[in-house]
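Quick notes on the structure that follows.
The values are calculated or read from the model by the stated rules, or taken from the named source; none is laboratory data. Computed from a prediction, not measured in an experiment: that's the story for all the values here. Methodologically, a virtual Cβ is constructed for each residue, glycine included, from the backbone with ideal geometry; neighbour enumeration extends over all protein chains shown.
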Amino acid sequence: MPTKYVIVGAGPAAQAAAKAIRDIDREGDLILISREKEPPYSPVALPYLLNGELTNEALFQKGQNLLTELKAEFMGGREVIAVDAPAKQVAFTDGTRESYDRLLIATGATPAKSASLDPASESGKGFRTFADYGRIAGRVKTGAGFLINGGGLVATELAEKLSAAGCRVTLAVRSRLLRRYFSETIGNLLTDAFSGHGVTIESGVGLAGAEKKGNYYDAILTDGRTVKADALIVATGVEPSPLGDFPKVDGALLVDSHLKVTDDVYAAGDVAAAPDYTGQRRGTCPISPEAASQGRIAGRNMAGEAETYGGWIPGNYLRLFNLDLFSLGQTDESQVPDSLALSDEGPGYAIKIVLRGDTLAGLEAVGLKSIHPGVFRYLIARMVPLYAQRELLLTKPKETAIWLMSRHRASRR
Ligand SMILES: Cc1cc2nc3c(=O)[nH]c(=O)nc-3n(C[C@H](O)[C@H](O)[C@H](O)COP(=O)(O)OP(=O)(O)OC[C@H]3O[C@@H](n4cnc5c(N)ncnc54)[C@H](O)[C@@H]3O)c2cc1C
């Protein structure tokens, strides 16, 4: 009998898992279930629809091709509400069930609900799915006003693309842009880039409420001021969307080092509380490359391998207004014992490295191209000694990191 693999989800974690399963098991039945009716896609691509860099057809093409290539069945528009682990079944909203031999929960996350706006109202919505895009797409036109509450990854990417589409964008940010990833110096460069492109940044404020006035909103900031906007987007973080009665950490499904939840049930991506690279912490690392990497390992293990997950490292790499931004590991030296922070700055670039003793704890950079995350990941996770190269790592990060990694690998052969 072929093994029946059921994956709940169709985002990056689910897609990577499906590929990994099919690489190993050519015969098994493979089913992807999504509560969205659209074919598999990545939410990372959604902002590119706003300024026309991507078409709807292109967004779904890859996912369509993947289903065909993997000979996978897609159950779109079906919401799973429960997992019956003893019976090895998932249950849908309409009361029907689907059985599985191996299950992957890759249900991702949903936007955190606004404390001040009714999440059911038009103004209280976040931006995570194609349907969320559909809700605001009609309002995207030259001169239209958008108020985005938040300063994280989603907020900044939406602001960039909406501004490129000719919209007037205001970001209401409690502290500063991308604070989770970057220190003040880089945060300030980022703020300058946004302001230089006409995005208004209201710092130190949140959203206290919104009043609908005909076809626009009066968004009320926490300092009492009002901003007029055609549309509002809440982008103040995400919450995991777990399924089943399984142990959780901060709302995410607790997984072991094989990304297993319990017998024959795995979880990966934004919904999984997985070990970090030190093995000391369990939590989520809600970024796309991590979701894909966890999906790949969970998929391999579902198909019979026993691959250990190396653990996530906090970080991100993105491009906003022609600025290449990179952050990996612990970049706040106050959180690192025995730390030393070194930095360098010049026209159009800035870099900071944080050392723990003689090893790299974290690095952040702006304006430096072609920094390869995998190489720095290796140095941080394996605590590679830096010796006399620590200064060089600052001035020639790419070359020095590759050299350190190669030497470390060679020494272990
Ligand atoms: C606008 C935007 C921009 C982003 N930009 C970046 C970026 O630049 N870089 C980066 O690294 N990350 C970015 N991210 C984050 C990234 O998209 C997520 O980390 C990634 O999508 C997580 O993948 P996932 O597969 O775990 O979950 P998701 O992509 O959220 O997929 C979850 C899937 O599960 C389905 N589902 C959920 N619940 C159920 C249920 N009960 N029943 C059936 N199906 C269900 C959903 O329909 C969906 O198909 C961005 C996110 C957004 C929204």
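A few comments on the model shown:
- In the range 125-144, residue nearest to the ligand (Cβ to nearest atom) [restricted to those that are without any contact (Cβ under 8 Å) to a residue 40 or more places away in the chain and assigned to a loop (DSSP other than H, G, I, E, B)]: GLY138
- Candidate set from the range 253-312 (those that are under 17 Å from ALA381 (Cβ atoms) and small (Gly, Ala, Ser)); member that is surrounded by the most Cβ atoms within 10 Å (Cβ to Cβ): ALA274
- Residues (outside any strand (DSSP E or B) and touching a Pro at 6+ places or on another chain (Cβ under 9 Å)) located in the range 216-240: ALA235, THR236, GLY237
- Test result for VAL205, in contact with a Ser or Thr (Cβ under 9 Å, 6 or more places away or on another chain), closer than 17 Å to ALA159 by Cβ and in a loop (DSSP other than H, G, I, E, B): yes
- Among the candidates ILE402, ILE371, residue that is under 25 Å from the mean Cα position of the chain (by Cα) and under 28 Å from SER288 (Cα atoms): ILE371
- Test for LEU190: is it assigned to a helix (DSSP H, G or I) and either outside the structural domain of GLY124 (by TED's automatic domain parsing) or of a type outside the set (Lys, Arg) (or both): yes
- When residues in the range 145-172 are screened for being touching a residue at least 60 places away in the same chain (Cβ under 8 Å), more than 13 Å from the ligand (Cβ to nearest atom) and over 21 Å from GLY209 (Cβ atoms), 2 of them pass.
- Condition check for LYS88 on (1) at negative phi; (2) surrounded by 13 or more Cβ atoms within 10 Å (Cβ to Cβ): one failure, at (1).
- Test set (1) assigned to a strand (DSSP E or B); (2) of a type in the set (A, V, I, L, M, F, W, C); (3) closer than 24 Å to ALA10 by Cβ - PHE246 fails condition number: (1)
- For the range 13-70, taking the residues that are out of contact with any helix residue (DSSP H, G or I) (no Cβ under 7 Å at 6 or more places or on another chain) and assigned to a loop (DSSP other than H, G, I, E, B), the one that is nearest to the ligand (Cβ to nearest atom) is identified as ARG35.
- Exclusive hit being of a type in the set (Lys, Arg) and without any contact (Cβ under 8 Å) to a residue 12 or more places away in the chain, set ARG78, ARG26: ARG26
- Search result, residues across the range 1-12 that are within 15 Å of the ligand (Cβ to nearest atom) and farther than 15 Å from GLY108 by Cβ: VAL6
- Residue satisfying all of: in the range 154-195; among the acidic types (Asp, Glu) and buried (at least 17 other Cβ atoms within 10 Å of the Cβ); farthest from the chain's Cα centre (by Cα) among these: GLU160
- Restricting the range 65-85 to residues that are loosely packed, with under 14 Cβ neighbours inside 10 Å and β-branched (Val, Ile, Thr), the residue that is farthest from LYS19 (Cα to Cα): ILE81
Here is a yes/no grid of residues against (1) surrounded by fewer than 16 Cβ atoms within 10 Å (Cβ to Cβ); (2) more than 21 Å from ASN322 (Cα to Cα):
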site: ALA361; (1), (2): no, yes
site: ALA365; (1), (2): no, no
site: LYS369; (1), (2): yes, no
site: TYR378; (1), (2): no, yes
site: ALA381; (1), (2): no, yes
site: VAL384; (1), (2): no, yes
site: ALA388; (1), (2): yes, yes
site: GLU391; (1), (2): yes, yes
site: THR395; (1), (2): yes, yes
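- Members of the range 265-281 found to be touching a residue at least 24 places away in the same chain (Cβ under 8 Å) and either away from the ligand (no atom under 12 Å from the Cβ) or not hydrophobic (A, V, I, L, M, F, W, C) (or both), listed by number: VAL265, TYR266, GLY269, ASP270, ALA273, PRO275, ASP276, TYR277, THR278, GLY279
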